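Let me begin by presenting the structure, written as structure tokens, before commenting on it.
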Amino acid sequence: MDSAELQVVVGALHSSLTFREKSDRLSVVVPSDQLLSVAMKLRDSEPLSFDMLCAHTAIDWLKDEKIELIYQLYSTKHGHHLMMSVYVSRTEAVAVPSLHTVWQIAQWQEREVYDLFGICYSGHPDLRRILLEDDWKGFPLLKDYKDDFMLERPW
Amino acid sequence: MVSSEMASSVLPNSLSHTRAGIHISSLDERILKGQTDSKERADRETTQEYFVNMGPQHPSTHGVLRLVLRMDGETVRDVIPVLGYVHRGMEKKAEYVGYRQQVHFTDRLDYLSAVMGNWAMSSAIEKAMKTELNDRIETIRTIVAELTRIQSHQLWWGVLGMDLGAFTPFLYGFRDREKITAIFEETMGGRLTMNYIQPGGLMFDIHPDFVANVKKFISYFKPLIEEYEELFGGNVIVQERLKNVGILDAKSAISLGVTGPILRASGVAHDLRKLEPYGVYAKTKFNVPVGTVGDCWDRYQVRMQEMRESISIIEQLIDNVPEGKHMVMKFGAKIRVPEGVYYSQMETARGIFGIFIASDGSEKPYRMHFRTPNFNNLWAITQMAAGGRVGDLVAILSSIDIVVPDIDR
């Protein structure tokens, strides 16, 4: 399915879905309360069958006070790609559902996003730090992160 | 020496001493007196579970990876990978340097697929900047990437042998890998981290002897793969250690986000070189080997077959490397990628290496994410190894073919 056809099928899943411009592939924005049900539909509906979660990461948009969670989906059956984004507030604690029930690898990748961005996933069975030490303070990939070891560039 | 008479007098005493010294429950009493029923006895006979720490300094974890094993006797119940011993904050660092310098991060991730990492990053930037390359660059990149795949699999083959207790493959693997490393050194100046492929082309043109040396290597190595098979794959001990060990079915493999030879061994013919061709792969003919069972033996066979396919790809390309410049677009120190998000992928020796760039239009990426194959592949060990033996775990870990800096980033 090419990008335009995919947009029609994905857009029909729920009325609240919007599409993002300035992306090299089809990129859908899902509200966080619809995430789990939309993810289930993306995986299970036959013309889409996104059965693989390639990558999960986040971007800290400091100016907009938002953190964007990004899911790279791929269908081994049809060979098409989809980028799925969820915006969560940077200041208020909003629970994002864990997607490990949809794609098992999410459990592993969400631990990394928790470790580096401090996103709390509800329903995650084992939300611990993965790359940093257990007693690390702060979340390093946030744009306003500072610690004693970071040096200012002299130029 | 203790005489038998002395021993018989010592033994009951020491036994009674032990029995008096420890707490004996009423159940123990009844077991000793033979007053228990079969259910109680079964409960009693299950062993206590315990934890074994494997690594971070363990030769078969291939670097500083730690696995915590929940064991029941000799059986592994659970594998808990503990990461981060070589975490270098690559993604944070990437936000502080320009796009041209990003290439140098990639060969420090999966150092055995160094050139393919360079290529993935360069092509991610080129796609974002809409740079067109000439055929010479694409052909050389493809040849070099396939040579890298062969040397990576050679090292994997040697290390697999060593993990299973055979030392000879290790020496053979390194001996033959040295030939490729020498070819690389001649052209690129580096033996492990080459930084050869740059956005817009190649760092240097190929050495005048490159084509001749690659041909010499192919004629040298082609019969050796059969020798590898005879020496190692034909060995009954190796087959016993690999067959039906660490089985991963296709459905779980996809759900676990596994890519590369492991996914193909599970029976999914997923290879980006075929499905979304880049470089000059579309012009070459090659097969995608797939397994049927998804065990360690299939993963072994898939990688051995991949070496043969790589050789065939190089043979098709090496005779007609097109003429042209080795650098079509000389980017300045500051590349300004247009605002937006970009995700591009490439098939390295271990699976899909994806690069995610979020650009705000400045000369540094706003966010850079490396989707590394090993990080995602490693998680599959929790399913592959559960229920197996400790000895099998070593074989499974070796068949996943991990590179730890690629996991930890």
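Does at least one position in the range B:346-353 carry a residue that is touching a strand residue (DSSP E or B) at 6+ places or on another chain (Cβ under 7 Å) and within 30 Å of B:Pro208 (Cα to Cα)? Spell out the reasoning first.
Kept after step one, since they are touching a strand residue (DSSP E or B) at 6+ places or on another chain (Cβ under 7 Å), are these residues of the range B:346-353: B:346, B:352-353.
Okay, now just the ones that are also within 30 Å of B:Pro208 (Cα to Cα), so B:346.
Yes; the residues of the range B:346-353 include at least one that is touching a strand residue (DSSP E or B) at 6+ places or on another chain (Cβ under 7 Å) and within 30 Å of B:Pro208 (Cα to Cα).
Taking (1) within 11 Å of chain B (Cβ to nearest Cβ); (2) without any contact (Cβ under 8 Å) to a residue 60 or more places away in the chain; (3) surrounded by fewer than 21 Cβ atoms within 10 Å (Cβ to Cβ); (4) not basic (Lys, Arg) in turn, A:Val29 satisfies each apart from (1). Residues in the range B:382-404: is at least one on the phi < 0 side of the Ramachandran plot and within 11 Å of chain A (Cβ to nearest Cβ)? So far as the range B:382-404 goes, yes, one or more of its residues are on the phi < 0 side of the Ramachandran plot and within 11 Å of chain A (Cβ to nearest Cβ).
Taken over the range A:10-42, residues that are farther than 29 Å from B:Ala128 by Cα and of a type in the set (D, E, K, R) amount to 2.
Could you go through the range A:38-57 and let me know if any residue there is in contact (Cβ under 8 Å) with a residue 60 or more places away in the chain, outside any loop (DSSP other than H, G, I, E, B), within 13 Å of chain B (Cβ to nearest Cβ) and under 19 Å from A:Leu141 (Cβ atoms). There is no residue in the range A:38-57 that is in contact (Cβ under 8 Å) with a residue 60 or more places away in the chain, outside any loop (DSSP other than H, G, I, E, B), within 13 Å of chain B (Cβ to nearest Cβ) and under 19 Å from A:Leu141 (Cβ atoms).
Just one of B:Arg336, B:Arg273, B:Arg308 is under 23 Å from A:Ala55 (Cβ atoms) and among the charged types (D, E, K, R); which is it? Walk me through it before giving the result.
On the way: B:Arg336 fails: under 23 Å from A:Ala55 (Cβ atoms); B:Arg308 fails: under 23 Å from A:Ala55 (Cβ atoms).
Answer to the selection: B:Arg273.
Checked against the criterion of being out of contact with any Lys or Arg (no Cβ under 7 Å at 6 or more places or on another chain), on the phi > 0 side of the Ramachandran plot and assigned by TED's automatic domain parsing to the domain that holds B:Glu146, the range B:305-315 has no qualifying residue.
Might you let me know whether the range B:247-262 holds any residue that is surrounded by fewer than 16 Cβ atoms within 10 Å (Cβ to Cβ) and farther than 24 Å from B:Met116 by Cα? Before the answer, list the steps.
Going through the range B:247-262, the residues surrounded by fewer than 16 Cβ atoms within 10 Å (Cβ to Cβ) turn out to be B:249, B:251.
Filter again for farther than 24 Å from B:Met116 by Cα, leaving B:249, B:251.
Yes, the range B:247-262 contains at least one residue that is surrounded by fewer than 16 Cβ atoms within 10 Å (Cβ to Cβ) and farther than 24 Å from B:Met116 by Cα.
What do you reckon, is B:Arg100 outside any strand (DSSP E or B) and loosely packed, with under 15 Cβ neighbours inside 10 Å? So B:Arg100 fails the test. Considering only the range A:90-105, I want to know if a residue exists there that is under 19 Å from B:Gly84 (Cα atoms) and touching a strand residue (DSSP E or B) at 6+ places or on another chain (Cβ under 6 Å). Yes, some residue in the range A:90-105 is under 19 Å from B:Gly84 (Cα atoms) and touching a strand residue (DSSP E or B) at 6+ places or on another chain (Cβ under 6 Å). Just one of the numbered conditions (1) in contact (Cβ under 8 Å) with a residue 12 or more places away in the chain; (2) out of contact with any Lys or Arg (no Cβ under 6 Å at 6 or more places or on another chain); (3) more than 13 Å from chain B (Cβ to nearest Cβ) is not true of A:Glu65: (2). If you go through the range A:89-105 and keep only what is within 9 Å of chain B (Cβ to nearest Cβ) and free of Cβ contacts under 8 Å to residues at least 12 places away in the same chain, you end up with just A:Gln104.
Number of residues in the range B:333-345 that are among the hydrophobic types (A, V, I, L, M, F, W, C) and either at the interface with chain A (Cβ under 10 Å from one of its Cβ atoms) or surrounded by 24 or more Cβ atoms within 10 Å (Cβ to Cβ) (or both): the value is 1. Just so you know, in the range B:248-269 the residues that are within 15 Å of the chain's Cα centre (by Cα) and either over 20 Å from B:Met346 (Cα atoms) or free of Cβ contacts under 8 Å to residues at least 60 places away in the same chain (or both) include one that is nearest to the other protein chains (Cβ to nearest Cβ), and it is B:Arg264.
Could you identify the single residue in B:Gly267, B:Gly279, B:Gly332, B:Gly324 that is in the same structural domain as B:Thr142 (by TED's automatic domain parsing) and either farther than 22 Å from B:Ile197 by Cα or hydrophobic (A, V, I, L, M, F, W, C) (or both)? Before the answer, list the steps.
On the way: B:Gly279 fails: either farther than 22 Å from B:Ile197 by Cα or hydrophobic (A, V, I, L, M, F, W, C) (or both); B:Gly332 fails: either farther than 22 Å from B:Ile197 by Cα or hydrophobic (A, V, I, L, M, F, W, C) (or both); B:Gly324 fails: either farther than 22 Å from B:Ile197 by Cα or hydrophobic (A, V, I, L, M, F, W, C) (or both).
Every option except B:Gly267 fails the conditions.
Just to be sure, is B:Ile125 aliphatic (A, V, I, L, M), over 19 Å from B:Val341 (Cα atoms) and in contact with a strand residue (DSSP E or B) (Cβ under 9 Å, 6 or more places away or on another chain)?
Details: aliphatic (A, V, I, L, M): yes; over 19 Å from B:Val341 (Cα atoms): no; in contact with a strand residue (DSSP E or B) (Cβ under 9 Å, 6 or more places away or on another chain): yes.
Spelling it out, it is not the case that B:Ile125 is aliphatic (A, V, I, L, M), over 19 Å from B:Val341 (Cα atoms) and in contact with a strand residue (DSSP E or B) (Cβ under 9 Å, 6 or more places away or on another chain).
Once the range A:15-26 is narrowed to residues that are in a loop (DSSP other than H, G, I, E, B), more than 14 Å from chain B (Cβ to nearest Cβ) and under 18 Å from the mean Cα position of the chain (by Cα), the residue that is nearest to A:His81 (Cα to Cα) is A:Leu17. Applying the condition of being modelled with pLDDT under 90 and of a type in the set (A, V, I, L, M) to the range B:198-223 and asking which residue is surrounded by the fewest Cβ atoms within 10 Å (Cβ to Cβ) yields B:Met203.
Against the conditions (1) facing chain B (nearest Cβ under 10 Å); (2) of a type in the set (A, V, I, L, M, F, W, C); (3) in contact (Cβ under 8 Å) with a residue 24 or more places away in the chain, A:Trp108 satisfies every one except (3). With respect to A:Trp136, determine if the residue is at the interface with chain B (Cβ under 10 Å from one of its Cβ atoms) and in a helix (DSSP H, G or I). Criteria not met by A:Trp136. The residues in the range A:111-133 that are within 11 Å of chain B (Cβ to nearest Cβ) and in a loop (DSSP other than H, G, I, E, B) can be counted, and the count is 7.
B:Lys93 meets the conditions (1) within 14 Å of chain A (Cβ to nearest Cβ); (2) under 21 Å from B:Leu317 (Cα atoms); (3) free of Cβ contacts under 8 Å to residues at least 24 places away in the same chain in every case but one. The failed one is (2).
For the range A:82-96, the candidate set comprises residues that are touching a helix residue (DSSP H, G or I) at 6+ places or on another chain (Cβ under 9 Å) and crowded, with 16+ Cβ neighbours inside 10 Å; within that set, the residue that is nearest to A:Glu5 (Cα to Cα) is A:Leu82.
The values are calculated or read from the model by the stated rules, or taken from the named source; none is laboratory data. Predicted model only: the values in this text are computed from it and were never measured. Here the Cβ is made from the backbone with ideal geometry for all residues, glycine too, and neighbour counts use every protein chain on show.
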